[in-house]
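Reviewing the structure listed below.
The values are calculated or read from the model by the stated rules, or taken from the named source; none is laboratory data. All values reported here derive from a predicted model rather than from experimental measurement. Neighbour counts are summed over all protein chains in view; Cβ atoms, including those assigned to glycine, are modelled from backbone coordinates with ideal geometry. The accessibility values were calculated without ligands, DNA or RNA, using every heavy atom of the protein model including side chains. Shrake-Rupley method; radii C 1.70, N 1.55, O 1.52, S 1.80 Å.
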Amino acid sequence: MGNKFKWYVVWVGDQPGIYDSWEECKLQVEHYPGARYKSFNTREEAINAFRGDPSQQMDLLRSIAKGMADKPVVNSAACPEIILDSLAVDAACSGNPGTMEYRGVWTATGEVAFHKGPFKCATNNIGEFLAIVHGLALLQQMGKTTMPIYSDSHTAQAWVRQRHCRTTLQRNQQNATLFDIVARAERWLAGNDYKNRIIKWDTDNWGEIPADFGRK
């Protein structure tokens, strides 16, 4: 039998470095935007790859810098109907139910306004619902009471209008905290009026929403 032991190099993650198990590597890269890592058969290969020669290191740094610069900024010339002074929200879920996270970004710049998760045993619709409510509460706190929110989820927008998360997902030990957050969001909706418009993002004509996680 061949040697199945692997070494892992993390160039971009929570703690860049060299790790001798996938479990440790995974802790550094899972849910880290733009994570860069690779497995190697020997420690020597991993060390050489992590150090790299000057030209390789410069290529890596340029690649990382480009990835950081490539935020999903809206092409306002091509889509003049988009309101740039707005907040865009989205969610991503691996499995159904599965591990979910959600976030909001400022449409004009692509800068992240908030990012929550991961939540286990969740659904994408719950994430979309929480993202909108989180956005509404944030804009209220900031005094941006007329700034619109873009969402690409018809379902989540309907739930917000109804002020109730109408999920069929059952509560269990894994998602108890998530359901507590949902209940808090529903209480916020019940106790607050808002003027912010919630607008359906036109994916067919505008492309992916700026808050998209890019995992399709």
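Remark on Asp90: its backbone amide H falls under 5 Å from those of Arg103, a criterion applied only to residues 5 or more positions apart or on other chains, H modelled at 1.01 Å from N. Counting 0.36 nm for each residue step from Ala190 to Thr109 and taking away their Cα separation leaves a gain of 26.0 nm.
For Thr145, the solvent-accessible surface with a 1.4 Å probe is about 60 Å², rounded to the nearest 10. The residues of segment 91-198 expose, per residue, 50 Å² of accessible area to a 1.4 Å probe. Residues of segment 117-138 with backbone nitrogen within less than 16 Å of a virtual label 7 Å along the Cα-to-Cβ line of Ile83, please, listed as ranges. Hits in segment 117-138 for Ile83 at 16 Å: 132-133, 135-138. The phi torsions of segment 21-29, fed into the Karplus equation with coefficients 6.51, -1.76 and 1.60 and a -60° offset, translate into couplings of 8, 5, 4, 5, 4, 4, 4, 7, 10 Hz, rounded to whole numbers, with Gly and Pro shown as x.
For the residue pair Ala158 and Thr203, what label-to-label distance in nm results when each label sits 7 Å from Cα along the Cα-to-beta-carbon direction? Taking the simple label geometry, Ala158 and Thr203 are separated by 1.6 nm. Peptides 205-211, 146-152, 124-130 ranked from most to least packed give 124-130, 146-152, 205-211, packing being the mean of other C-beta atoms within 10 angstrom over each peptide's residues. Taking Cβ atoms as reference points and 14 Å as the exclusive limit, the residues near Leu139 contribute a net charge of +1, counting Lys and Arg as +1 and Asp and Glu as -1.
Protein-only accessible surface at a 1.4 angstrom probe places the residues Glu30, Glu23 in the order Glu23, Glu30, largest first. Ordered by 1.4 Å accessible area with all protein chains kept, Tyr102, Tyr8 run largest first as Tyr8, Tyr102.
Counted residue by residue at 0.36 nm each, then reduced by the alpha carbon distance between them, the extension gain from Arg36 to Gln173 reaches 46.0 nm.
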